[in-house]
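First up is the structure itself, then whatever we jot down about it.
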Amino acid sequence: MPPRSRNAGRVALAAALIGGVAIAIPVFAQKSPESLLPPGFNSPAPPPPAAGPDQPVEATPAPAPAVPSEVPQLSLAPPAPGNMLEAAAQNATENAVDAKFARQELPDWAKRPTTDIGPLTPEKSGMDTDAFGGSNGANGIYLAGMMRRLNAPIASRWASILLRRALLTDVPTPRAIDPANWAAARVWLLLRMGEADAARLLLEQIDVENYNPRLYEMALQTALATADPTAICPIAEQGGQLDGSDGWTLARAICAAFSGDGGTAGALIDQVRGKDHGNIDALLAERLTGAAQNSRRAVNIEWSGVYQLTSWRFGMASAVGLSIPDSLYDSVSPRVRMWQARAPMLALPDRLAAARLAATYGVLSNATLVDIYSQLFSAGDPNATDTPEAWLRTAYVGQDAGARIDALRKLWDKPADQRDRYADAILTARAAARITPADTHKDEIPSLIEAMLSAGLDIQAAHWAPIVASLSGSKGDEAWALLAVGSPKPVMALSDRRIAKFGARDGSDQRKRAQLLFAGLAGLGRLDQSDEESLAAELGVPIGARNTWTRAIDAAAAHRQDGTVALLAAVGLQSGDWRGIPAFQLFHIVQDLRQTGHEAEARMIAAEAVSRS
């Protein structure tokens, strides 16, 4: 970075981010969050082993449109003067907390500050304290605005994992925003990413006496997303006084029932049910209160006539082990499926498809997914040999490489869409790493390398480089491209002709895949300048173009604000499919993550783009 004062740098970054509030899409409590990174993966130390029922869960976003030929302009412009005044007034209102709800429950020495929250530190897989620029960095209102408007979940599993780390890192509250609102924006984004457990972990860092209305709302949402409605009981009365919606009324009823006050519970449920005799929300609350009181009265839940899944309906049904029709899940964001994957009261077979989806979005690790299959195998017929669970067991513990390869082939050869295929890659990652490089497995080499890189096993994948260098044809090209961007250091010879012609396979856009491969290699600095310039022109990837988003992410990288870079990278990956991500955006994401010390994640994102496009 050229010589300049630290404050001047921060001012420049703040200017680049000033429009973040209007960004456009580019097209169970636990001690510590589970790390999805393999041991030693870019880490100094190994990691430790919507509101009420009347608010619907957001609908599933429409498929991303085709990539435009010209450079898309991300609108980061500041609001008009009138809107700025309106936004300031709204922010002041949201920051106001009624003094009558402030309760002194802890002695001064036991109180935790809200200005610095997060379970992760640099020593515990977190980022530095200035990941978002600290109290003198970018305007917190705009950062929180980007968080609230981010269309999550995003296309990349690895970018999502990195963003989760940033959101869980113990960082000071940026300037110009109330600490409670900053915390609420982080919790809400984690929930929308499908990270219900991580959201709860972050929320538990905040003393209840520091809650404002937005945090009360996030507490209810988190309790429902984790299928644990009783988690709201310590604040149910205060929340009900702040918000008289049906959601808080029913929450108070449930808490009253679990406290043994059946009369109050029944009266509150009747209050909501009186508005609609067939109110599914009241019936679900009654079902749970009956369980709390060990009542023999059965409440029958009928989903026919219910056309909208809400966070309340998900949380309440999942808490009592009720299955929700797939048609209702299909009508909402994928994040609800990811909540389903971790709902403990649901039968494991009912959570399998959700768990596979959650793994592709970075919510579940290879180890967790394998554990689910192991439990299904243990609960099934021990003599069954023609099931995915049995194949997976053989893939991991088969007596010889031939048997393990055959089992892997059965798992990979199932008819599947792109996301399902990637879930199988994650599932088999460590089994693939147990295969010793050999010429006898030529047909499976691309799938083996894809599986290893899906879980960050880049060193193991790089061991196949000598064999991959001798392969030809489409399979050789696939393995070559994955190692070209995914290996810890350059191990493949690069040719501009091979890069430009890469990508042809069934159901794929050859030019799009070549563009993404080129963008990844250029962002990693693995191309000569002359090759970079000629390929950019030939493939139509304007890596030198600038817009508001590129200036913002480049400025954040220049000032080593890796949390801000992770957030802006997610902004650039807002799509349900990698084919909807412009290649020049991938270039900036990979380049800037590399500049902020996250080269490993940058390589995995580039490999993911090649694999999943």
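The values are calculated or read from the model by the stated rules, or taken from the named source; none is laboratory data. What you see is a predicted model; the values in this text were computed from it and never measured. All Cβ positions, even for glycine, are placed from backbone atoms using ideal geometry, and neighbour counts span all protein chains on display.
Could you list, in sequence order, the residues of region 154-181 that are touching a strand residue (DSSP E or B) at 6+ places or on another chain (Cβ under 6 Å) and part of a helix (DSSP H, G or I)? Listed by number, the list holds a single entry, 168. Within region 569-583, the residues that satisfy the criterion of being part of a helix (DSSP H, G or I) and within 14 Å of the chain's Cα centre (by Cα) are 569, 570, 571.
Residues that are of a type in the set (Ser, Thr, Tyr) and farther than 30 Å from residue 579 by Cβ occur in region 230-248; there is at least one. Please specify each residue of region 244-265 satisfying the condition of being under 13 Å from residue 234 (Cβ atoms) and small (Gly, Ala, Ser). 251, 259 - these are the residues of region 244-265 that are under 13 Å from residue 234 (Cβ atoms) and small (Gly, Ala, Ser). The set of residues from region 445-465 being closer than 14 Å to residue 490 by Cα and in a loop (DSSP other than H, G, I, E, B) comprises 463, 464.
Looking only at region 330-353, residues that are within 14 Å of the chain's Cα centre (by Cα), of a type in the set (Gly, Ala, Ser) and crowded, with 22+ Cβ neighbours inside 10 Å come to 1 in all.
Only residues that are among the β-branched types (Val, Ile, Thr) and part of a helix (DSSP H, G or I) were counted in region 535-555, giving 3.
Quick check: anything in region 455-464 within 17 Å of residue 367 (Cα to Cα) and in contact with a Gly (Cβ under 7 Å, 6 or more places away or on another chain)? Yes: one or more hits. Within region 182-210, being in a helix (DSSP H, G or I) and modelled with pLDDT under 95 holds for 208, 209, 210. Filtering 527, 521, 516, 593 for residues that are part of a loop (DSSP other than H, G, I, E, B) and either in contact with a strand residue (DSSP E or B) (Cβ under 6 Å, 6 or more places away or on another chain) or outside the structural domain of residue 160 (by TED's automatic domain parsing) (or both) leaves a single hit, 527.
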